[in-house]
Amino acid sequence: MDVGEKEVIKVEIPRWLAERLRRYAAERYGLRRGALSRAVAEILERELGGPPAGGGLERLVGLGLASATEWRGEDLGEALRRRYVSN
């Protein structure tokens, strides 16, 4: 798990799943502080892949260059909205 920037994400999950997650975290990482966060990060990285190769801006620019979206210098949200409204 990358120890760089961190973000808090609050989600609601079924109680039975939360209990299974806590049990998994305790078995894998023990009862230390941060075990639950490490377990969630591990599961998400396994399912979604590791961190992006480039930084946030570089990855976003690369995504824009690889897409058919034409950017006219406006806000990125506007460019994407224009693309999906026109389809």
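The values are calculated or read from the model by the stated rules, or taken from the named source; none is laboratory data. Just so you know, these numbers come straight off a predicted model, no measurement behind them. In this analysis, Cβ positions are derived from the backbone assuming ideal geometry, glycine residues included, and neighbour counts consider all displayed protein chains. These area figures cover heavy atoms from the full protein model, side chains too; ligands, DNA and RNA do not enter into them. Shrake-Rupley method; radii C 1.70, N 1.55, O 1.52, S 1.80 Å.
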Original post:
How large, in percent, is the carbon and sulfur part of the accessible surface of segment 7-50 at a probe radius of 1.4 Å?
Top reply: 53 percent
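If a/c stays under 1.5 just call it rounded; otherwise compare a/b with b/c (prolate if a/b is bigger, oblate if not). Do that for segment 1-47, with a ≥ b ≥ c from the square roots of the Cα gyration tensor eigenvalues. Intermediate values should be presented prior to the final figure.
Details: a/c = 1.71, a/b = 1.23, b/c = 1.39.
Oblate, since a/c reaches 1.5 and b/c is not below a/b.
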Original post:
Taking K and R as +1 and D and E as -1, what net charge do the other residues with C-beta under 13 Å from the C-beta of Arg46 add up to?
Top reply: -1
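Cβ under 15 Å from Arg15's Cβ, Arg15 left aside: what net charge do those residues give with Lys, Arg +1 and Asp, Glu -1? The partial results should precede the final answer.
Values: positive: Arg20, Arg22, Arg23; negative: Glu12, Glu19.
Summing Lys/Arg as +1 and Asp/Glu as -1 gives +1.
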